[in-house]
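Novice: One structure, pasted below without further comment.
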Amino acid sequence: MNRYKISVSQLFFMLFVSRLVLSLTYLVGSNERVMGSDYLFVVLFQIVINFILVIPVFLMMRQYPGQNVIEASQTAWGKGGIVVAVVYGLFFLMECIQSVGDFGFFASTTMTSNLSSFWFSVLILVAAAYAATLGLEALARTSAILAVIIFLSVIYVIVSVTPAIDPLSMRPFFEAKTSQFAKGIFQSISQNPELVFLLMLIPFAKGKAKKGFAIWNIVTVASILSIDTIGRLVLGNAYYTTTFPFYTTATVTATGMAQRSDALTAAIWAGGAFVKAALMLTLLALSLERVFHGKYRKTIIWGGAVLVAVVSPWFSQNLQDLMEAGMYPIESGIVLALCGVIPLALWAVARHRAKGGRKVCESS
């Protein structure tokens, strides 16, 4: 099945933007407050976690060459693959609601209080839905450009606040308990839905996916670790009480380079939210169009966008309550199931059939 539409580098540019914007919009939870500076070790350990969790992805791809997880499910389980398609589609819809809701919460509470989060959601989603209808290639090209801009913008913000860095602001290391590390590591899995995205997108990418993933993993985690460390060095204890640490870090000084860092940060968020929403709507269409035999792609995209526009303001308004109710640990379990359990089950089915002399699929 020869269906290459994007390069591996374009694929991981999209995933870089998706992951980085999550780290910029991530709200500090109780676990980070308890662990203090030790949470930086949890961030660093994500490199190892990502390398472990991607193993089922590549195992499945080896058994079902040229097929994404939905197509592999239909190959393995026939009509039962429709259930898998719906499950992954709901996950992508949930991720879209969360990412747009996060941006709406930021925009309505930080940028201005005169415009509701609903209208921020609508503006982002109209652009994202239109981009998704143009196809994966157009989104990949746009993401590559935005990835460079966002990366350079983050570097600019970091450099601009260096005069405010105080090494004494960092809380001491090695204060957290082993159980807190374990909890932090598990919860951090929720921050890596890109591992699920790979199951859908690798068949569309031409190039060395394993090498691309290794570079993406190291560069992305290093970028997040730098952002997190700078925030703690600049804000000190205030880091654990502020709503959006990165935005607050960018506004600690009002002179020199940092004078416009807050506006730049808002632009980074808007660009990242657009890319992630467009990517989620694209993946939603890739999942559900299999249910309808390749039909209704644009209807799925625009219908998903309308649903996200309606639900994401509710998400914004109840974000703190959802966090206290354990939103991140629950999301970690879902990510584990979708990037680990289902791919391993598909791999096991293919191995079982191979031993029985049955051929699972062909790459044409």
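Novice: As a test of reading the structure, rank K183, K79, K276 by solvent-accessible area (1.4 Å probe, protein chains only), most first. Intermediate values should be presented prior to the final figure.
Specialist: Working: K183 105, K79 180, K276 5 Å².
Of K183, K79, K276, the descending order of accessible area is K79, K183, K276.
Novice: Return the long-range amide H neighbours of T243 (sequence gap of 5 or more, or a different chain), with a cut-off of under 5 Å between placed amide H atoms.
Specialist: It is none; the list stays empty.
Novice: Same structure, new question: Provide the net charge surrounding W314, with neighbours chosen by a C-beta distance below 14 Å and charges set as Lys +1, Arg +1, Asp -1, Glu -1. Write out the running numbers ahead of the final one.
Specialist: Details: positive: none; negative: D102, D321.
Its environment carries a net charge of -2.
Novice: Also, quick follow-up: How much accessible surface does L338 have with a 1.4 Å probe, in Å² rounded to 10?
Specialist: 10 Å²
Novice: Something else now. Expected output is a single nm value to one decimal: the length gained when fully extending between F173 and I215, i.e. 0.36 nm times separation in residues minus the C-alpha distance. What is it?
Specialist: Numbers: separation 42, 0.36 × 42 = 15.12 nm, distance 2.81 nm.
Stretched out fully, the F173 to I215 stretch lengthens by 12.3 nm.
Novice: Tell me which of W77, A325, I189 sits at the most positive position along the dipole axis of the chain, charges placed on C-beta atoms (Lys, Arg +1; Asp, Glu -1).
Specialist: Result: W77, furthest along the dipole toward the positive end.
Novice: Further question on the same structure: May I ask you to list the aspartates and glutamates whose Cα is less than 12 Å away from that of K276, ignoring any residue fewer than eight positions away on the same chain?
Specialist: E95, D102, E194
Novice: What is the packing order of peptides 146-152, 125-131, taking the mean over residues of other C-beta atoms within 10 Å and listing the highest first?
Specialist: Details: 146-152: 17.3, 125-131: 20.1.
Taking the mean over residues of other Cβ atoms within 10 Å, the ranking is 125-131, 146-152.
Novice: Separate question: Per-residue accessible area for I300 at 1.4 Å probe radius, Å² rounded to 10?
Specialist: So the heavy atoms of I300 present about 20 Å² to solvent.
Novice: Follow-up question, since we're still on this one. ³J(HN,Hα) across region 93-101 via Karplus (A = 6.51, B = -1.76, C = 1.60, θ = phi - 60°), whole Hz, x for Gly/Pro?
Specialist: 5, 4, 5, 5, 4, 5, 5, 5, x
Novice: Compute the long axis of helix 136-160 from its Cα atoms, compare it with the longest principal axis of the Cα atoms of the chain, and write down the angle in degrees, 0 to 90, nearest 10.
Specialist: In the chain, helix 136-160 runs at an angle near 20 degrees to the longest axis.
Novice: Mind ranking T241, T142, T282 by accessible surface for me, highest first, 1.4 Å probe? Walk me through the numbers on the way to the answer.
Specialist: Numbers: T241 110, T142 55, T282 5 Å².
Sorted descending by solvent-accessible area, the residues read T241, T142, T282.
Novice: Now for a separate question. What residues qualify as long-range amide H neighbours of S7, i.e. H under 5 Å apart, gap of 5 or more or another chain, H built at 1.01 Å from N?
Specialist: Amide H neighbours of S7, under 5 Å, 5+ apart: K206.
Novice: Report, in deg cm²/dmol and to the nearest 500, the calculated mean residue ellipticity at 222 nm for the chain, where each DSSP H run with n ≥ 4 adds -39500 (n - 2.57) and the sum is divided by the residue count.
Specialist: Details: 17 runs with 256 residues, N = 364.
Calculated from helices alone, the mean residue ellipticity at 222 nm is -23000 deg cm²/dmol.
Novice: Further question: Using the basic label-point model (7 angstrom from Cα toward the beta carbon), what is the T162 to Q320 distance in nanometres?
Specialist: 3.7 nm
Novice: Using only Cα atoms and rounding to the nearest 10 degrees, what angle (0 to 90) does helix 39-53 make with the longest principal axis of the chain?
Specialist: The answer is roughly 10 degrees.
Novice: Add +1 for every Lys or Arg and -1 for every Asp or Glu among the other residues with Cβ under 13 Å from the Cβ of S99, and state the total.
Specialist: Working: positive: R19, K276; negative: E95, D102, E194, E331.
Value of the local net charge: -2.
Novice: Output the pairs from K79/K183; K5/K298; K206/K298; K5/K295; K79/K208 with a Cα-Cα distance over 27 Å in this structure; if there are none, say none.
Specialist: Details: K79/K183 38 Å; K5/K298 19 Å; K206/K298 25 Å; K5/K295 19 Å; K79/K208 32 Å.
Pairs exceeding the cut-off: K79/K183; K79/K208.
Novice: On to the next question. Highest GNM mean-square fluctuation, the chain, Cα pairs closer than 10 Å: which of L279, L40, L307?
Specialist: L307
Novice: So for the chain, taking the charge dipole from beta-carbon charges (+1 Lys/Arg, -1 Asp/Glu), which of S9, Y239, L279 sits furthest toward the positive end?
Specialist: S9
Novice: How long, wide and thick is region 296-336, going by the Cα atoms along their three principal axes, in whole angstroms, largest first?
Specialist: 37, 27, 7
Novice: Quick one: among L322, L336, L24, which has the greatest mean-square fluctuation in a GNM of the chain with alpha-carbon springs under 10 angstrom?
Specialist: Among L322, L336, L24, the largest GNM mean-square fluctuation belongs to L322.
Novice: Note down the magnitude of the dipole of region 115-253 about its Cα centre, charges +1 on Lys and Arg C-beta and -1 on Asp and Glu C-beta and zero elsewhere, to the nearest 20 debye. Before the final figure, lay out each step's value.
Specialist: Values: 9 positive and 5 negative charges, 83 e Å.
I would put it at about 400 debye.
Novice: Just to verify a number: what accessible area does L288 come out at with the full protein assembly present, 1.4 Å probe, Å² rounded to tens?
Specialist: 40 Å²
Novice: Using +1 on the beta carbon of Lys and Arg, -1 on that of Asp and Glu, and nothing else charged, what's the dipole of the chain about the Cα centre, debye to 20?
Specialist: Values: 26 positive and 16 negative charges, 333 e Å.
With only Lys, Arg, Asp and Glu charged at Cβ, the dipole is about 1600 debye.
Novice: While we're looking at this one, here's another question. Which label marks the calculated value of mean projected area of the Cα convex hull in nm², given the options (i) 27.1; (ii) 18.9; (iii) 17.9?
Specialist: Derived directly from the coordinates: (iii).
Novice: Now for a separate question. With point charges of +1 on the Cβ of Lys and Arg and -1 on the Cβ of Asp and Glu, referenced to the Cα centre of region 6-362, which listed residue (I202, V122, C96) lies farthest in the positive direction of the dipole?
Specialist: Of the listed residues, the answer is I202.
The values are calculated or read from the model by the stated rules, or taken from the named source; none is laboratory data. Fair warning: this is a prediction, and the values are worked out from it, not measured in the lab. Cβ atoms come from the backbone with ideal geometry, glycine included; neighbour counts cover every protein chain shown. In case anyone asks, the SASA skips ligands and DNA or RNA and just uses the protein heavy atoms, side chains included. Shrake-Rupley method; radii C 1.70, N 1.55, O 1.52, S 1.80 Å.
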